[in-house]
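Data block below; observations after.
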Amino acid sequence: MFFSIIIPLYNRPQEIDELLHTLTQQTYTQFEVLIIEDGSKIDAKDIVDSYADSLDIKYFYKENGGQGFARNFGFEHAKGDYFVIFDSDCLIPIDYLEIVKNYLLEHQLDAYGGPDGAHPSFTPVQKAISYSMTSPFTTGGIRGNKKHIGQFHPRSFNMGISREVWERTGGFILTRLGEDIEFSIRIQSMGFKIGLIPDAIVFHKRRTDLKQFYKQLHFFGRARINIYKHFPSELKMVHFFPALFTLFLMASLILNAFAHPLAEFCNTLIAIFILLIFFHSWKVNKSAKVAFLSIAASFVQLTAYGLGFMQDFWKRIILRK
């Protein structure tokens, strides 16, 4: 099996350098790499060229059109049997392709996704952010893990499709704002077999501080409404949880401001939630510092997503704009 690894890139030369280094260490070597520079002002051509002797690698520069269409550009130029998509802020374990190849040969998946986690080299903030995105106490239970809720939809930070899927679907029809979920749902609707490869993990850096993380998750909340506009049946009750959590926090602040009798009850629930996050993160990350940061990251994750969700729910569904 020959893989084409396709990575869209926008103003992140240092990240792609670290990702490409991990690809040079793969135990399975039947693959090419396509870097699609999506209109970056800070390009990574020199960095990519430095890997020409160690990887079968190609560099393309195109006008900015968003990551979805950058991936389509990569599909058009790929020669592999199977296309693998990574985000530029990922690090790839040395046996990743070996695991994927063996699983695909046994299970014959047309498309797959894999989970993400934190690398030991990540900063405490990055580890806390990673925890908040995979925790059962936030929205981690509806993403890529063995106990995910509902139908599994591969995400583009760690996703693969067969050449046939590309040829029949035409790739991404959205360039951002939930483009990977829309693509996954459309792949499934056409009868292709999709599955999770539990051991095909990538180390996903995400954002380096909580302010950047807030902006990203606010965008994700808006993206869920965008998915609803294409597939109304895909808006589930679980997707309302961050918005309900955000409204609960707002109500708690108001109740406390007016010394309402219900304020103590709300405070108790919040305290229990904080303790659950702290001790679970401490168990997972073996670090009290990361556990404390995980509290902040989890609150940012839920409220940012919730506010983005409510913003576009009001604008696009209630007001029909």
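The values are calculated or read from the model by the stated rules, or taken from the named source; none is laboratory data. These figures come from a predicted structure and were not determined experimentally. Using ideal geometry, Cβ is built from the backbone for each residue, glycine included, and neighbour counts are taken over all protein chains shown. The area values use the complete protein model at the heavy-atom level, side chains included, leaving out ligands, DNA and RNA. Shrake-Rupley method; radii C 1.70, N 1.55, O 1.52, S 1.80 Å.
Count neighbours as other Cβ atoms within 10 Å of each site's Cβ, and list the trypsin sites (Lys or Arg not before Pro) in the stretch 185-215 that are DSSP loop with at most 15 such neighbours. Intermediate values should be presented prior to the final figure.
On the way: sites: ARG186, LYS193, LYS205, ARG206, ARG207, LYS211, LYS215; in loops: LYS193, LYS205, ARG206, ARG207.
Passing sites in the stretch 185-215 are LYS193.
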- [ ] Using a 10 Å cut-off on Cβ atoms, rank the peptides 82-90, 61-69 from the highest mean neighbour count down.
- [x] 82-90, 61-69
- [ ] Determine which lysines satisfy two conditions relative to LYS289: a Cα distance under 23 Å, and not lying fewer than 8 residues away in the same chain.
- [x] LYS127, LYS205, LYS211
Open item on the list: So with the 1.4 Å probe, I'd like the accessible area per residue for the chain, rounded to whole Å².
Closed with: 46
- [ ] Just add up the charged neighbours of ILE57: K/R +1, D/E -1, any other residue whose Cβ is under 14 Å from the Cβ of ILE57.
- [x] -4
Task: Simple spin-label estimate for ILE42 and ILE254 in nanometres, 7 Å along Cα-Cβ - done: 4.3
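Span-like helices, the chain: DSSP H, alpha-carbon axial extent 18 Å or more, mean Kyte-Doolittle -1.0 or greater, which ones? Could you put the intermediate results ahead of the total?
Values: long enough: 210-230 (30 Å, -0.66); 241-257 (24 Å, 1.92); 262-285 (35 Å, 1.45); 288-312 (36 Å, 0.99).
Helices passing the filter in the chain: 210-230, 241-257, 262-285, 288-312.
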Task: Projected label distance in nm at ASN267 and THR123, using a 7 Å step from Cα toward the beta-carbon - done: 3.4
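Please give the contour-minus-distance gain from ARG176 to LEU105: 0.36 nm per residue of separation, less the Cα-Cα distance, rounded to one decimal in nm.
Working: separation 71, 0.36 × 71 = 25.56 nm, distance 3.14 nm.
Taking ARG176 through LEU105 to full extension adds about 22.4 nm, to one decimal.
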